[in-house]
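Only one structure is covered here, and it is reproduced in the block below.
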Amino acid sequence: MEVEFYFGERETNGERKREVGFYTPRKSKAWQKALARAWEREFGPNAMFDAGELEVELTFFFRNGTGADVDHLQTYVFNALKGLAWGDDSQIRKVIAERILHAGQDGLHLVIRDLT
């Protein structure tokens, strides 16, 4: 099974919409809560992958030329989605992570693959 999820700015009918609380270093806790709420709206409150090993692919987009280190960003995602996307982040066996600066929009593209 594979799940794809996008969190961040979206363009709808020519209008740019921004997810409230998108990542800034000073507001990482608020960002984690906003990410968890967005996941729950999309998929519900129960862990989608409650057992088994997972591969997680993360692409972080930043409109400007700054953004946190990839390892910090992925930790924020892992903590925010614990109990929602997966039962525990110890299930994550493989990580592919990328940070793209000057992307034209802020956002996170997340793909989760069940490896079992």
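Figures for the structure shown
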read-out	value
Counted residues, the stretch 8-46 - those being modelled with pLDDT of 60 or more, within 15 Å of N79 (Cα to Cα) and either touching a Phe, Trp or Tyr at 6+ places or on another chain (Cβ under 6 Å) or part of a strand (DSSP E or B) (or both)	5
Residue satisfying all of: in the stretch 28-49; farther than 25 Å from L115 by Cα, within 13 Å of the chain's Cα centre (by Cα) and not hydrophobic (A, V, I, L, M, F, W, C); surrounded by the fewest Cβ atoms within 10 Å (Cβ to Cβ) among these	K33
Filter result for the condition that a residue is in contact with a strand residue (DSSP E or B) (Cβ under 7 Å, 6 or more places away or on another chain), small (G, A, S) and surrounded by 14 or more Cβ atoms within 10 Å (Cβ to Cβ), over A80, A103, A68	A103
Test: residue in the stretch 60-81 that is farther than 14 Å from I112 by Cβ, in a strand (DSSP E or B) and touching a Lys or Arg at 6+ places or on another chain (Cβ under 6 Å)	yes
Close pairs (6 angstrom Cβ cut-off, 6 or more residues apart or separate chains): farther than 15 Å from G8 by Cα in the stretch 53-78, modelled with pLDDT under 95 and assigned to a loop (DSSP other than H, G, I, E, B) anywhere	E53/T116; G65/L101; G65/H102
Filter pass, E57 being in contact with a strand residue (DSSP E or B) (Cβ under 7 Å, 6 or more places away or on another chain), charged (D, E, K, R), under 15 Å from V3 (Cα atoms) and surrounded by 16 or more Cβ atoms within 10 Å (Cβ to Cβ)	yes
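Quick grid of which residues meet (1) closer than 17 Å to F7 by Cα; (2) more than 12 Å from the chain's Cα centre (by Cα); (3) among the charged types (D, E, K, R):
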{"residue": "F61", "(1), (2), (3)": "yes, no, no"}
{"residue": "G65", "(1), (2), (3)": "no, yes, no"}
{"residue": "A68", "(1), (2), (3)": "yes, yes, no"}
{"residue": "T75", "(1), (2), (3)": "yes, no, no"}
{"residue": "A80", "(1), (2), (3)": "yes, no, no"}
{"residue": "G83", "(1), (2), (3)": "no, yes, no"}
{"residue": "K94", "(1), (2), (3)": "no, yes, yes"}
{"residue": "L110", "(1), (2), (3)": "yes, no, no"}
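The values are calculated or read from the model by the stated rules, or taken from the named source; none is laboratory data. Because the structure is a prediction, the values reported are computed rather than measured. So basically every Cβ, Gly included, is an ideal-geometry build from the backbone, and we count neighbours across all protein chains shown.
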